[in-house]
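Shown next, in structure tokens, is the structure this report addresses.
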Amino acid sequence: MLSGFETYLVGGAVRDRLLQRPVEERDYVVVGATPEQLLALGFRQVGADFPVFLHPHTQDEYALARTERKTRPGYRGFVVHAAPGVTLREDLRRRDLTINALAEDEAGEVIDYFGGLADLEARVLRHVSAAFSEDPVRLLRVARFAAQFADLGFRVAPETLDLMRAMVTAGEVDALVPERVWQELDKALAAPRPSRFFAVLRQCGALARLFPEVDRLWGVPQPVKWHPEIDTGVHAMMVLDMSARLSPQPEVRFAALGHDLGKGTTPAEILPSHKGHEERSVSLIHALCDRLRVPNRYRELAVIAARYHGLVHKIDELRPATILEVLEGADACRRPERFERMLLVCEADYRGRATYEERHYAQGERWRACQVAIRGVDTAAIARDWGIARDGAIARRAANTSNAANARDAAIARDADTAITPDAASAGESRSAREAASGNLIADRIRRARLQAIREVLAIQGEDDSPE
């Protein structure tokens, strides 16, 4: 590890090796060293708050053994003490969970001061000490670990849940900054069962403080005909976990989480119907993304999934014009990868219902076929053919001109495609109007070609192109 000092592999690397999971990062604790000694060995210090150094060759993190003392609310309210006299046990005591407070020496011997091995065996997430309550980020981390290790059967220890509830009551959770909340949410979305993240936060009362738009979904009824699970919160979590089955991409899972947020604000007098919930969901997604500073690619996918998922499910009932409206609204031609992700969200919504989990989502295939069909329309050829036809009409008009003056006017008209007036400004305005009209005509021809392509794919014979 590091010759001349007591060096220990710590944290997640030890835990994951014992769980026979891939080890992605290796972090070390160095006991008995000073910053100057590590710098002299070529290490590079990172971060101003903690004595953490990057190895000059492996880039692994080496941290000096340290203790922390709480000085003010929030996860930044600590004073760090790092000195050669700080022991390994003192360093490990400040960690969040017993399974993360394990160390391994250079001989490969596991050092366990706080019962982490027993908790690994029992599949328990348990806090190391009362100091757990000093850092509100640990609430999010416990919930995230519950999601990450759900496939292994981990549960949160009752006494740890009690401590988390006390932290929420004390207002510690309110000190969390948006960036850190999003960071933990993003990691939780990548977990095998992301719903566990929200379940743990709901159990300790933090969900209502951090994600109120999600928390209010529980207890809101849906029509039993379409939702045998009835409860909107239950449905939301089933959709989220189904999205994790269908796609590894966290933005797909975020969109699945947000697709029905508007059901939490449905007026009580119309329940269990949720008319208009799609646009209410869009507004809530924007507010959530603004608050947590969510990256745009997550926001954009969540918005189109919330807006169009109801129509996507009903493709067999839609007119070609409405199908085209959805395809164009979702920008399916220019952003086919994003459209595919939206379809995965819709499939997760369809299958994220009691008794629907293993059903086939045929609607997705139909939408993909329609997308391919409209992308196959040669819009450049349509614009080119329109230009050729337009130029031919103007040329014929010029050929019928009997004198030079009129011929000159006709040549000018070829450029402007409009009547010539002595007023140059009027000519310019007329030219712009003609160009706009030409553009509208081309757009209409493209639209008609795309509608025909959709009809052919779906074998629709109807002629009514009016929007629904």
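The values are calculated or read from the model by the stated rules, or taken from the named source; none is laboratory data. Predicted model only: the values in this text are computed from it and were never measured. Cβ placement follows ideal geometry from the backbone for every residue including glycine, while neighbour counts extend to all protein chains displayed. What goes into the accessible areas is simple: the full protein's heavy atoms, side chains included, and nothing from ligands, DNA or RNA. Shrake-Rupley method; radii C 1.70, N 1.55, O 1.52, S 1.80 Å.
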* Structure fact -> When the stretch 22-66 is checked residue by residue, the ones that are surrounded by 13 or more Cβ atoms within 10 Å (Cβ to Cβ), out of contact with any helix residue (DSSP H, G or I) (no Cβ under 8 Å at 6 or more places or on another chain) and in a loop (DSSP other than H, G, I, E, B) are G32, A33, T34, L41, F43, F50, H55, D60
* Structure fact -> How many residues of the stretch 268-302 are in contact with a helix residue (DSSP H, G or I) (Cβ under 6 Å, 6 or more places away or on another chain), open to solvent by less than 40 Å² (accessible area, probe 1.4 Å) and closer than 19 Å to H235 by Cα? The answer is 7
* Asked: Does R341 fit the bill of being within 21 Å of the chain's Cα centre (by Cα) and surrounded by 15 or more Cβ atoms within 10 Å (Cβ to Cβ)?
  -> yes
* Please specify each residue of the stretch 175-196 satisfying the condition of being open to solvent by 40 Å² or more (accessible area, probe 1.4 Å) and within 16 Å of G352 (Cβ to Cβ). => P192, R193, R196
* Asked: Would you say A188 is at pLDDT below 95, aliphatic (A, V, I, L, M) and under 25 Å from the mean Cα position of the chain (by Cα)?
  -> no
* Hey, does the stretch 308-315 have a residue that's open to solvent by 60 Å² or more (accessible area, probe 1.4 Å) and assigned to a helix (DSSP H, G or I)? -> no
* Asked: Only one residue in V239, V224 is of a type in the set (V, I, T) and open to solvent by less than 60 Å² (accessible area, probe 1.4 Å). Which one?
  -> V239
